[in-house]
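For reference, the structure is listed below as structure tokens.
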Amino acid sequence: MIFDRVSHEREANRLLFRIVHHVARQHAGRPLDEIVTVLQRDLPPAPTLAEEEIRRIAEQISVGRDPSGF
């Protein structure tokens, strides 16, 4: 069903945002490579983020920003 798929995608995206928020709170201002490693370890396998997307998120966190919007 379309509703189930949309609901599943919405929950997957919420999980991504919660993880990014958690990493941002715990690792703000840390070195970029450290944050990339944490994101790669903690982010779920689906929906997948491209390496460059993870790096952009990590860059924001490394300068103290929270790209999750929370």
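When you scan the stretch 1-55, how many residues do you find that are outside any helix (DSSP H, G or I) and either of a type in the set (Asp, Glu) or within 14 Å of residue 66 (Cα to Cα) (or both)?
The total comes to 3.
Looking only at residues in the stretch 60-70 that are of a type outside the set (A, V, I, L, M, F, W, C) and assigned to a loop (DSSP other than H, G, I, E, B), which one is surrounded by the fewest Cβ atoms within 10 Å (Cβ to Cβ)?
Ranking the qualifying residues of the stretch 60-70, first place goes to 69.
Residue-by-condition table, conditions (1) surrounded by 14 or more Cβ atoms within 10 Å (Cβ to Cβ); (2) under 10 Å from the mean Cα position of the chain (by Cα):
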residue: 6; (1), (2): no, no
residue: 13; (1), (2): no, yes
residue: 34; (1), (2): no, no
residue: 40; (1), (2): no, yes
residue: 44; (1), (2): no, yes
residue: 52; (1), (2): no, no
residue: 58; (1), (2): yes, yes
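Rule-based calculations on the coordinates, nothing more; no lab input. The shown structure was predicted, so the numbers you read here are calculated from the model rather than taken from an experiment. Positions of Cβ are generated from backbone atoms using ideal geometry, with glycine treated the same way; all protein chains shown enter the neighbour counts.
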